[in-house]
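For reference, the structure discussed in these notes is given below.
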Amino acid sequence: MTRSLTLRAAVVSLLFFAAFVLAWHLATRGAGATVAMDPEYAKLMGATATQGKSAMPGPLDVAQTLWGHLKDPFYDRGTNDKGLGIQLGWSIARVGLGYLLAVLVAIPLGVMIGMSPLMSKALDPFIQILKPISPLAWMPLALYTIKDSGISAIFVIFICSLWPMLVNTAFGIASVRREWINVARTLEVGTLRRIFTVLLPAAAPTILTGMRISIGIAWLVIVAAEMLVGGTGIGYFVWNEWNNLSITNVITAILVIGVVGMILDQLLARATRAVTFPE
Amino acid sequence: MTQSFISIEGISKRFPAAGGGATTVFEDLWLPMERGAFTCIIGHSGCGKTTVLNVLAGLDRPSEGVVIVDNQAIEGPSLDRAVIFQSHALLPWLTVMGNVAYAVSSRWRRWSRVEVEEHARKFIALVGLSGAERKRPAELSGGMKQRVGIARALSIEPKILLMDEPFSALDALTRGTLQDEVRRICRETGQTVLMITHDVDEAIYLADRIVLMTNGPQAVMAEIVENPLPVDRARNDVHKHPLYYAVRNHVVDFLVTRSRSFSDADKAALNRRAVPVVRPGAPEPVVLGGDTLTPSWPGSRVKEA
């Protein structure tokens with residue numbers, strides 16, 4: 001009896017998931033010691049002290065909260081009470097805008113660096129120094145110069161998405177096979193047409209790999225950036241719920257961040273497959 | 001001096017050597033080529049024959065000398081000179097049609113898509129790949145890929161076709177078929193060809209003239225062998241021609257011994273501008289058939305009995 005690997009893997013995945021949820025459930029079941037206290041005082045205390053409930057929410061609590069958010073993702077009841085969908089929308093919009101700006105800068109610049117050994121050598125020290133800077137380190141400078149927290153967050157996304165795309169584009173263009181370039185040369189193809197018909201298609205898989213790394217980093221950074229700038233976004237939501245001591249909401253948000261991150265990564269993975277050519 | 005269609009005039013190639021000075025790959029090469037002629041350059045690896053071809057293609061510049069094509073010194077790559085690369089060099093993200101059409105649309109920029117595809121289809125048919133237009137290079141065998149490379153090069157209707165060991169990566173059977181195709185196409189179209197090879201039999205089958213290059217560094221063109229075999233030679237019996245082994249032995253002797261032993265004194269004695277032309281001959285063998293003499297090869301002279 002042979003079953004497909006995918007099916008067997010899915011079964012094992014489900015088993016792991018069930019084991020994890022069960023362990024979580026058992027660990028947060030409660031049954032801690034309760035202390036007899038004055039009913040008036042008990043009202044001020046949480047369920048942990050009065051009923052011996054675990055301070056950590058269990059899987060059922062999280063599932064319930066998640067279901068509540070999914071049922072009504074777009075409500076807006078004031079500054080600190082917006083639906084999860086709205087918060088995610090803000091984060092995705094910021095990432096999208098910052099990322100798009102980075103694409104517009106990184107790809108043309110990367111093509112130029114990749115085509116010109118002079119530019120490659122001349123710009124290398126700048127890239128090497130700027131690349132390892134944590135994008136959040138730019139935040140104060142951005143806030144000071146831009147004077148707008150929303151745009152500053154977008155700038156931070158821009159700066160963190162830039163480097164992987166720039167470096168990969170330059171590398172991809174510089175390592176396009178000599179013979180393909182020679183084909184274009186013997187056909188007297190002009191520079192611009194050569195870029196679009198030979199260099200970019202040949203380097204596309206490498207460029208898309210850089211773009212995939214960038215979107216991953218951008219999604220990591222947006223949470224931290226929104227915790228700092230506040231107002232809206234999934235990062236702000238996490239921090240706000242921490243201030244509310246709503247661990248259930250924090251765990252729910254963590255889960256949702258993971259799922260969105262995966263979707264973004266898969267979109268880019270699919271795009272990479274679309275431009276990859278077999279040799 | 002009559003002007004040849006293509007003329008290599010005193011080209012040399014030098015590279016800066018480690019520790020100053022320069023390494024000379026080849027030196028002071030002169031070679032005229034007539035319109036419609038099929039010329040092969042043969043020599044060992046490192047004699048710079050690929051560089052000679054790249055200079056003609058305009059992909060490389062000689063350190064000295066010029067190449068003249070149709071009364072014009074070449075400045076760089078041109079659509080007049082098509083290259084068939086050793087590794088086929090097809091663009092793997094394009095289909096067969098895409099690859100050929102890319103060349104056609106580069107040649108005739110104003111043509112519409114329909115015109116380009118129609119022209120490309122003609123050349124895809126010429127190399128026997130009709131029906132494979134929508135395939136990508138990865139789906140083709142090595143021989144089919146090289147056919148696409150040939151179609152792409154011919155489709156721009158170049159003044160000269162430059163081939164850099166085009167069949168060396170193919171298996172013997174495919175190589176034979178492709179040589180037949182190339183010979184047929186070049187004869188039909190009167191294409192001028194320069195081919196680089198190190199396969200003696202290939203050179204003898206295809207070329208009108210075989211240029212022998214000595215070993216590098218400081219390689220020179222030592223000799224031009226005129227192919228004495230009839231133009232209507234066919235693959236299956238070319239080796240039965242009485243002169244076949246005369247030519248073959250001459251070229252092999254050169255490659256085995258003379259390419260190495262060609263001394264500085266020999267180089268000094270060589271008239272670079274008019275390299276000796278050799279036309280290997282042999283005693284005319286005849287076959288006795290009853291009481292009449294039958295030539296052993298159509299075209300070979302029958303001795304009077």
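Computed from the coordinates by the stated procedures, all read-outs in this text should not be read as laboratory data. On a predicted model such as this, the values are computed, not experimentally measured, just so you know. When we count neighbours, we look across all protein chains shown, and the Cβ atoms used for this are built from the backbone with ideal geometry, even at glycine.
General observations
- Legend: mean number of C-beta atoms from other chains within 10 angstrom of residue C-beta atoms, peptide A:174-186, equals 6.
- Ordered by the number of other Cβ atoms lying within 10 Å of each residue's own Cβ, fewest first, B:261, B:78 fall into the sequence B:261, B:78.
- For peptide B:101-109, the mean count of partner chain Cβ atoms within 10 Å of a residue's Cβ comes to 3.
- Estimated 222 nm signal from helices in chain B, with DSSP H stretches of n ≥ 4 weighted -39500 (n - 2.57), rounded to 500: -9000 deg cm²/dmol
- Among A:200, A:181, A:110 the positive-end extreme of the charge dipole of the range A:64-275 (Cβ point charges): A:181
- At full extension, residue B:187 and residue B:171 could sit 3.4 nm farther apart than now, given 0.36 nm per residue minus the alpha carbon distance.
- Our coupling estimate for the range B:273-281, obtained by passing each phi through the Karplus curve with A = 6.51, B = -1.76, C = 1.60 and θ = phi - 60°, is 7, 9, 4, x, 9, 10, 10, x, x Hz, Gly and Pro reported as x.
- Cβ-placed point charges (K, R +1; D, E -1), dipole of the range A:64-275 about Cα centre in debye, nearest 20: 680
- For the range A:64-275, the Kirkwood hydrodynamic radius comes to 18.8 Å, computed from all pairs of different C-alpha atoms.
- Least to most buried among B:64, B:117 (fewest other Cβ within 10 Å first): B:64, B:117
- Kyte-Doolittle mean at least -0.5 and Cα axial length at least 15 Å: DSSP H helices in chain A: A:5-27, A:59-71, A:84-115, A:117-130, A:149-174, A:200-229, A:247-275
- Burial ordering of A:69, B:198, B:88, fewest other beta-carbon atoms within 10 Å first: B:198, A:69, B:88
- Relative contact order, percent, the range A:64-275 [alpha-carbon distance under 8 Å, six or more residues apart]: 26
- Förster radius 41 Å - calculated FRET efficiency between residue A:70 and residue A:130 (Cβ-Cβ, nearest 0.05): 0.50
- For the protein assembly as shown, with +1 on Lys and Arg beta carbons and -1 on Asp and Glu, the positive-most of B:108, A:231, A:217 along the dipole: A:231
- DSSP bridge orientation in the protein assembly as shown - percent antiparallel, rounded to nearest 5: 55
- Mean per-residue shielding of peptide B:199-210 is 0, counting Cβ atoms of other chains within 10 Å of each Cβ.
- Shown here is the pair-distance distribution of the protein assembly as shown: with all Cα-Cα distances grouped in 10 Å bins from zero up to the longest one, the shares run 3, 12, 17, 16, 13, 11, 9, 7, 5, 3, 2, 1, 0, 0, 0 percent.
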